[in-house]
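The structure appears right after this line, and notes come after that.
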Amino acid sequence: MTYRVIALDLDGTLLTPQKTILPESLTALQRARDAGVKVVIVTGRHHVAIHPFYQALALETPAICCNGTYLYDYHAKKVLESDPLQPAQANQLLDLLDAHNVHGLMYVDEAMLYQETTGHVLRTENWAKSLPESQRPVFRHVNSLREAAHDVESIWKFALTDEDTVKLKNFTRVVEHELGLACEWSWHDQVDVAQSGNSKGMRLARWVESQGLSMSDVMAFGDNFNDLSMLESAGLGVAMGNADDAIKERADLVIGTNLETGIAETIYKHLI
């Protein structure tokens, strides 16, 4: 079968641990685009945190951000469609975060906001410092996430981190039970909380259909639980070798790790 769309997760998939794209992947993706295949980024990241990768790939397609919460047009610099958290939902979540002593980032409009400096915050800040100023994500400390929530237009998601992953797992159950929000693991120590119904698979399917195509036309690459919705609905769902075994078991194909050239090899085998 000839696939007409390549959907790519970033962290743990297209990106190496050093947050770079393998040259083999860049070449293969460019050859796929030259052959008429559409390449789209489908990420848990905020759109302000994918500038260097979008530009390295020289894409024209919109990006699916924050696990499907919104579709962003980089060239027009605008959100095309979205389903953000409502202010009341954000306040309820903030109440639970305080009660359970869990910290995280709040992804809003054009920035990522934080109140407490966590390991996730430090990692993101260090990565940002390595980039040219024009590509750096907007990452801002605020005295109160609660106050900030009243001053923004859209709240895309919360990214929660804790070294105690058991505590984090228990907290997600509380959030799902009491607030009915969607909780998805995007890293080994990070859970993303967003509006129920949002997922990578849902937003990708909507965009694919807008192109006159179907999910059977899609080859999707991912490595974590927040990728399952697109891996399982794509014509070919490809799990990385560094993915959890639970992800690999539900994918159509398992390739090498994000340090190996499996993405390029799969593109050449199935597309070019």
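Worth pointing out:
- Annotation: Leu131 fulfils all but one of (1) surrounded by 21 or more Cβ atoms within 10 Å (Cβ to Cβ); (2) under 28 Å from Ile6 (Cα atoms); (3) of a type in the set (A, V, I, L, M); the unmet one is (1).
- Sole exception among (1) within 17 Å of Asn224 (Cβ to Cβ); (2) surrounded by 13 or more Cβ atoms within 10 Å (Cβ to Cβ) for His188, by number: (2)
- Asp245 meets the conditions (1) without any contact (Cβ under 8 Å) to a residue 60 or more places away in the chain; (2) of a type in the set (Asp, Glu); (3) closer than 18 Å to Val40 by Cα in every case but one. The failed one is (3).
- Scanning region 102-112 for residues that are modelled with pLDDT of 90 or more and either touching a strand residue (DSSP E or B) at 6+ places or on another chain (Cβ under 6 Å) or over 26 Å from Ala90 (Cα atoms) (or both) yields a total of 7.
- Residue that is farthest from the chain's Cα centre (by Cα), among those in region 198-223 that are surrounded by fewer than 20 Cβ atoms within 10 Å (Cβ to Cβ) and part of a loop (DSSP other than H, G, I, E, B): Gly212
- Residues that are in a helix (DSSP H, G or I) and in contact with a strand residue (DSSP E or B) (Cβ under 6 Å, 6 or more places away or on another chain) do occur in region 113-120.
- Test: Leu57 is touching a strand residue (DSSP E or B) at 6+ places or on another chain (Cβ under 9 Å) and among the aliphatic types (A, V, I, L, M): yes
- Among (1) surrounded by 14 or more Cβ atoms within 10 Å (Cβ to Cβ); (2) free of Cβ contacts under 8 Å to residues at least 60 places away in the same chain, the one test that His177 misses: (1)
The values are calculated or read from the model by the stated rules, or taken from the named source; none is laboratory data. Computed from a predicted structure; not experimentally measured. Every residue, glycine as well, gets a Cβ built from its backbone with ideal geometry; the counts of neighbours run over all protein chains shown.
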